[in-house]
Amino acid sequence: MADLDEFMRFFRFLLLGMWACTFVVRADLPVAQTFPADGQQLLLWVASERGRTAPEVQAARQLAARGVETWSLDFASAYLLPQLPSSMDEVPLQDLEAWLREAQAGGKRVAVYAVARAAVPVLRAAAALEPAERQALCVMLMHPNLYSTVEPLAEPDYLDLGSLAGLRVLVLQPRRSAATPWLPGLLDHLAQQGATTSHVVLENLREGYWARETPTDYEIAESRRMDALLLHELDAWGCK
Amino acid sequence: MRQGWLGVVVLVLAGAAQAAGFDARPAVPAPQLKAQDLAGTERTLADYRGKVVLLNFWASWCPPCLREMPSMERLRARMAGRPLVVVALDSAETPQEVNAYLSRMSLGFPVLLDPDGSNTKRWKVFVLPTSFLLDAEGRVRYVLTGPTEWDEGEALQVIESLLAELPPDAR
């Protein structure tokens with residue numbers, strides 16, 4: 001009996017410890033790195049499953065200097081997830097919905113920029129918004145990975161993202177990517193989910209060109225002017 | 001009983017080894033391949049019928065693709081005189097981009113062009129490099145996603161296994 005009491009005391013202590021750890025993690029959640037600016041545009045920059053990189057932080061800083069307030073989000077770091085594509089499917093959508101609503105509540109024009117697999121929670125959260133909220137949002141996706149499964153010799157299978165009716169989506173696709181030949185299929189899938197799509201192919205660039213181990217001179221130059229690229233594409237797209 | 005468990009463990013390990021590398025496929029006819037070589041000659045799989053074919057999808061911007069190229073060239077040299085053909089199909093690049101790489105890397109096997117990505121899409125290639133091993137009847141037998149050293153280990157074993165299916169006088 002004494003053993004049982006001791007075990008129960010230990011078990012309660014264990015539960016308390018687990019709860020406390022959860023609280024500490026939640027309390028320290030680095031929701032976003034913010035780069036305030038006085039302009040009327042707000043960009044939510046969602047890093048890929050590999051996490052936020054130094055060139056991305058620099059670009060966010062430069063955007064703010066150009067008047068575009070920027071919130072930089074890194075799901076892998078915020079939720080202590082492995083830096084894998086599948087981790088992005090684990091991001092709590094209600095948190096992201098809350099971020100989107102908070103961003104829109106500020107009164108600025110809100111655009112989201114998501115990289116690689118981070119496109120999945122962004123699009124799913126957009127699908128969960130009210131139609132009017134969704135229509136007010138612009139989403140730029142850098143080489144999005146929306147595959148459910150892919151296997152050589154088999155048709156690609158894309159994830160069901162929910163209704164994207166009214167959502168404007170611009171896909172930025174580096175030319176030097178195995179995904180480039182499959183861009184039409186990806187755009188078709190987004191359109192089938194209700195999104196209004198457009199795309200830009202980025203010549204002479206590879207996926208994740210700002211964080212490559214052996215970047216070309218052109219990739220180095222382009223990673224230093226990511227802020228200009230995004231501003232240019234936002235303006236040319238006319239999503240206002 | 002202990003031997004039974006040992007058998008199960010061996011089978012599981014063998015399965016894991018198989019899953020780690022080459023994906024064995026049921027022998028089905030390969031998709032159409034229709035591409036020009038660097039001289040502008042139209043090539044199809046019929047040109048290689050009767051031989052085991054290593055068909056490698058690659059691109060000059062893809063570091064893992066370039067890493068495995070020397071081993072493909074060594075494989076070609078090692079298999080000279082035997083019924084194996086190595087074919088590298090460049091995915092969705094211009095001839096100029098391909099030639100720029102080939103000016104730095106001498107390759108003795110045919111390089112085909114797929115500037116519009118039509119072959120890449122027919123073969124449902126989503127990752128580079130992706131390689132297909134075809135038997136002498138033009139059927140896909142193994143698929144590998146990602147790079148390998150082609151002149152050693154498992155790669156050499158599966159190639160030899162396909163060559164072993166040929167009549168002795170043809171190997």
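Evaluate the following for A:Arg50: is it part of a loop (DSSP other than H, G, I, E, B), modelled with pLDDT of 95 or more, buried (at least 16 other Cβ atoms within 10 Å of the Cβ) and within 20 Å of the chain's Cα centre (by Cα)?
Taking the combined requirement at face value, the residue satisfies it.
Going by what's in this entry, would B:Val140 be described as under 30 Å from A:Leu186 (Cβ atoms) and either at pLDDT below 95 or not in a strand (DSSP E or B) (or both)? Spell out how you get there, then give the answer.
Values: under 30 Å from A:Leu186 (Cβ atoms): yes; either at pLDDT below 95 or not in a strand (DSSP E or B) (or both): no.
Spelling it out, it is not the case that B:Val140 is under 30 Å from A:Leu186 (Cβ atoms) and either at pLDDT below 95 or not in a strand (DSSP E or B) (or both).
Give the residue that is farthest from A:Leu159 (Cα to Cα), with candidates limited to residues of segment A:190-205 that are within 14 Å of another protein chain (Cβ to nearest Cβ) and surrounded by 20 or more Cβ atoms within 10 Å (Cβ to Cβ). Lay out the reasoning, then the answer.
Taking segment A:190-205 and keeping what is within 14 Å of another protein chain (Cβ to nearest Cβ), we get A:201-205.
If we keep only those that are surrounded by 20 or more Cβ atoms within 10 Å (Cβ to Cβ) too, we end up with A:202, A:205.
Values: A:Leu202: 24, A:Leu205: 26 Å.
Once the filter is applied, the top-ranked residue is A:Leu205.
For the list (1) away from every other protein chain (no Cβ under 11 Å); (2) in contact with a helix residue (DSSP H, G or I) (Cβ under 6 Å, 6 or more places away or on another chain); (3) in contact (Cβ under 8 Å) with a residue 40 or more places away in the chain, I need the number of the one condition that B:Leu107 fails.
All conditions are met except number (3).
Against the condition touching a residue at least 24 places away in the same chain (Cβ under 8 Å), crowded, with 16+ Cβ neighbours inside 10 Å and either more than 14 Å from chain B (Cβ to nearest Cβ) or within 17 Å of A:Glu207 (Cβ to Cβ) (or both), how does A:Asp74 come out, does it pass?
yes
If you check B:Thr94 against the conditions, is it away from chain A (no Cβ under 12 Å) and free of Cβ contacts under 8 Å to residues at least 60 places away in the same chain? So that I can check it myself, show each step before the final result.
Numbers: away from chain A (no Cβ under 12 Å): no; free of Cβ contacts under 8 Å to residues at least 60 places away in the same chain: yes.
Taking the combined requirement at face value, the residue does not satisfy it.
Evaluate the following for A:Arg225: is it modelled with pLDDT of 95 or more and under 24 Å from B:Ala59 (Cα atoms)? So that I can check it myself, show each step before the final result.
Values: modelled with pLDDT of 95 or more: yes; under 24 Å from B:Ala59 (Cα atoms): no.
No: the conditions fail for A:Arg225.
For segment A:170-206, name all the residues that are under 15 Å from B:Ser60 (Cβ atoms) and either aromatic (Phe, Trp, Tyr) or touching a residue at least 12 places away in the same chain (Cβ under 8 Å) (or both). Can you show your working first?
Let us first name the residues in segment A:170-206 that are under 15 Å from B:Ser60 (Cβ atoms), namely A:174-178, A:180, A:203-206.
Within segment A:170-206, A:Pro174, A:Arg175, A:Arg176, A:Ser177, A:Thr180, A:Glu203, A:Asn204, A:Leu205, A:Arg206 qualify.
Which of the residues belonging to segment A:108-157 are part of a strand (DSSP E or B) and away from chain B (no Cβ under 14 Å)? Show your work before the answer.
Here is the first cut: in segment A:108-157, the ones part of a strand (DSSP E or B) are A:109-115, A:138-142, A:147-149, A:157.
If the condition is that a residue be part of a strand (DSSP E or B) and away from chain B (no Cβ under 14 Å), then A:Arg109, A:Val110, A:Ala111, A:Val112, A:Tyr113, A:Ala114, A:Val115, A:Cys138, A:Val139, A:Met140, A:Leu141, A:Met142 are the ones that fit.
Only residues that are assigned to a loop (DSSP other than H, G, I, E, B) and either of a type in the set (D, E, K, R) or surrounded by 15 or more Cβ atoms within 10 Å (Cβ to Cβ) (or both): list them for segment B:32-44, please.
Kept after step one, since they are assigned to a loop (DSSP other than H, G, I, E, B), are these residues of segment B:32-44: B:32-33, B:38-41.
Within segment B:32-44, just B:Leu33 meets the criteria.
Would you confirm, using the coordinates I've provided, whether A:Arg175 is of a type in the set (Lys, Arg) and within 14 Å of chain B (Cβ to nearest Cβ)?
Details: of a type in the set (Lys, Arg): yes; within 14 Å of chain B (Cβ to nearest Cβ): yes.
Here the answer is yes, as A:Arg175 does meet what is asked.
Give A:Glu219, A:Glu233 a once-over and let me know the one that is closer than 18 Å to A:Ala114 by Cα, part of a helix (DSSP H, G or I) and at pLDDT 95 or above.
The match here is A:Glu233.
Check whether at least one residue in segment B:80-89 is crowded, with 21+ Cβ neighbours inside 10 Å, more than 13 Å from the chain's Cα centre (by Cα) and farther than 28 Å from A:Pro144 by Cα, and report yes or no.
no
The values are calculated or read from the model by the stated rules, or taken from the named source; none is laboratory data. Fair warning: this is a prediction, and the values are worked out from it, not measured in the lab. All Cβ positions, glycine included, derive from the backbone under ideal geometry; neighbour counts span all protein chains shown.
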